[in-house]
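Every number here is computed from the coordinates shown, using simple stated rules; none is lab data. Keep in mind that what you see is a predicted model, and the values were worked out from it rather than measured. Positions of Cβ are generated from backbone atoms using ideal geometry, with glycine treated the same way; all protein chains shown enter the neighbour counts.
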Amino acid sequence: MDTSQNRIEDLIRDLSHQNEDVRWAASSALARTGIAAVEPLMAALDDKDSVVRLRAAWALGRIGDERAVGKLIRTLRDGDWSVRMRAADALGMLRAHQATDALLLLLRDENADVRRHAIAALTKIADPGSADRIGDTLKDADWRVRMGAALALAAIGNEKSLAYLKAASCDENEYVRKIAQAVLKSGGGGACT
């Protein structure tokens with residue numbers, strides 16, 4: 001085995017290190033390693049330790065290799081909410097259009113942080129076909145998720161998304177309202193009705 005492969009294996013082991021700084025340093029180093037680390041990181045998404053899975057998803061997002069998309073989509077069903085959250089982040093960084101449906105399903109997750117990260121990923125993907133399902137997210141109990149939905153609809157920017165933003169311009173939360181109103185002023189649309 002060559003030295004670079006040994007180094008990657010050492011860094012993968014460090015993803016479960018007791019010290020958090022060592023774990024983050026290892027995941028950062030793996031991300032910088034790039035393509036050579038993709039296969040070992042994809043294998044690490046099956047690790048029994050959720051911290052390893054979380055760090056592996058994070059690093060795969062930063063590497064940006066499309067080979068990881070399928071494995072990251074499956075990781076959206078992980079039993080640990082923080083792993084689901086990081087897998088959603090990674091898919092957003094990859095702008096993986098094929099992950100749109102899986103991310104839309106994640107908008108029903110019981111954890112608001114997972115929903116926020118899923119909507120942030122959908123904002124980066126900006127798939128016009130997802131406007132209706134993202135528009136439904138404007139009813140989410142968490143204002144941060146609704147704000148993310150407004151940003152995602154703004155990124156899509158088609159007529160359907162603007163119609164949803166008109167409704168969001170009347171949201172009870174001022175941040176959601178401001179985003180919707182700002183987009184409507186620049187993209188056409190009216191005041192709160």
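If you go through the range 26-69 and keep only what is of a type in the set (D, E) and over 16 Å from R7 (Cα atoms), you end up with D46, D47, D49, D65, E66.
With touching a Phe, Trp or Tyr at 6+ places or on another chain (Cβ under 8 Å) and small (G, A, S) as the only criterion, which of A131, A120, A141 stands out? Among A131, A120, A141, only A131 is touching a Phe, Trp or Tyr at 6+ places or on another chain (Cβ under 8 Å) and small (G, A, S).
For the range 167-185, a residue qualifies if it is under 18 Å from A112 (Cβ atoms) and surrounded by fewer than 17 Cβ atoms within 10 Å (Cβ to Cβ), and the qualifying residues are E172, N173, Y175.
In the range 137-166, the qualifying residues are those that are in contact with a helix residue (DSSP H, G or I) (Cβ under 7 Å, 6 or more places away or on another chain) and among the acidic types (D, E), and the one that is farthest from A112 (Cα to Cα) is D140.
So, L41, is that one hydrophobic (A, V, I, L, M, F, W, C) and over 18 Å from I119 (Cβ atoms) or not?
Details: hydrophobic (A, V, I, L, M, F, W, C): yes; over 18 Å from I119 (Cβ atoms): yes.
Answer is yes for this residue.
How about the range 129-159: which of its residues are assigned to a helix (DSSP H, G or I) and among the charged types (D, E, K, R)? Of everything in the range 129-159, those that are assigned to a helix (DSSP H, G or I) and among the charged types (D, E, K, R) turn out to be D132, R133, D136, K139, R144, R146, E159.
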